[in-house]
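Scroll down for the structure; my scribbles are underneath it.
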Amino acid sequence: MTAPMTMNRLIHAAVRRDLDRLDAALGQVSDGDRARAAELARAYANLRLELTHHHEGEDTHIWPMLERAGVSPELLRAMEAEHHAMADALAETSAAMTRFSDTASATDAAAARASVGRTRAVVDRHLAHEEDELEPALRPHLGTPEWKAVEKKLRAVSPGVGGRFFAWLTDGIPTTTGRSSARSSRPPWSRS
């Protein structure tokens, strides 16, 4: 059985997509191409920003709500520990991407690509754990007043931040598939 498409799974898919793109691009970049190195560093910085924002929202709003609802404190502590491990991996890759952006060397591109691979392994473990264990624990609470209050907090962003988020989220999604799921989860200010 296929799990239902949720905003969480759309975000996870966007993270995986960008890590795949970054890995491929770092494998093809020409030695000395400073413009491309800068573009890839900017793309990585945006990915890191979006993933960090997503996990901060979970840590600040979703995990406390789930703990009050009786979800396993051990599971929630594991999620938080995985977020810390991802933050460390993302910081390592950020340093590698900065070095690559500064030098545009093939050697630093290869080092950045290796770092992306290590980060990808940490991120994949967490995303799979969250999808397999945490989402089923969350599902019974969707639609409750407590969940609606959390959603309201998560959606409390400026139109500019929300617009950039949805542009990132839906990049590359065919209009006949995931975009309808993304639209149904958009905050009220972004509905057309």
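Protection proxy ranking for 33-44, 89-100, using the average of other Cβ atoms within 10 Å per residue and placing the highest first: 89-100, 33-44.
Entry comment: accessible area of region 1-101 is 50 Å² per residue, from protein heavy atoms only and a probe of 1.4 Å.
Please list 105, 115, 158 from largest to smallest accessible area, probe radius 1.4 Å, with all protein chains kept in place. Could you put the intermediate results ahead of the total?
Values: 105 30, 115 0, 158 60 Å².
Most to least solvent-accessible, the answer reads 158, 105, 115.
Relative contact order of the chain, taken over Cα pairs closer than 8 Å and 6 or more residues apart, is 33 percent. With a Förster radius of 25 Å, plug the Cβ-Cβ distance of residue 146 and residue 52 into 1/(1 + (r/R0)^6) and report the FRET value to the nearest 0.05. The computed FRET efficiency comes out at 0.50.
For residue 19, neighbours were defined as the other residues whose beta-carbon sits under 9 Å from its Cβ, and their charges (Lys and Arg +1, Asp and Glu -1) total 0. Using R₀ = 35 Å, calculate the FRET efficiency as 1/(1 + (r/R₀)^6) where r is the Cβ-Cβ separation of residue 30 and residue 124; round to 0.05. Approximately 0.75, to the nearest 0.05.
Computed with a 1.4 Å probe on the full set of protein chains, the accessible area for residue 77 sits at about 140 Å².
Candidates 14, 32, 158 compared by Cα position along the dipole of the chain: farthest toward the positive end lies 158, with charges placed on Cβ.
Using 7 Å Cα-to-Cβ label points, what is the residue 43/residue 158 separation (nm, one decimal)? Placing both labels 7 Å along Cα→Cβ, they lie 2.7 nm apart.
The values are calculated or read from the model by the stated rules, or taken from the named source; none is laboratory data. Values in this document were obtained by computation on a predicted structure and should not be read as measured data. Reconstructed Cβ throughout: ideal geometry from the backbone, glycine too, with neighbour counts over all protein chains shown. These accessible areas exclude ligands, DNA and RNA; they are computed on the full protein's heavy atoms, side chains included. Shrake-Rupley method; radii C 1.70, N 1.55, O 1.52, S 1.80 Å.
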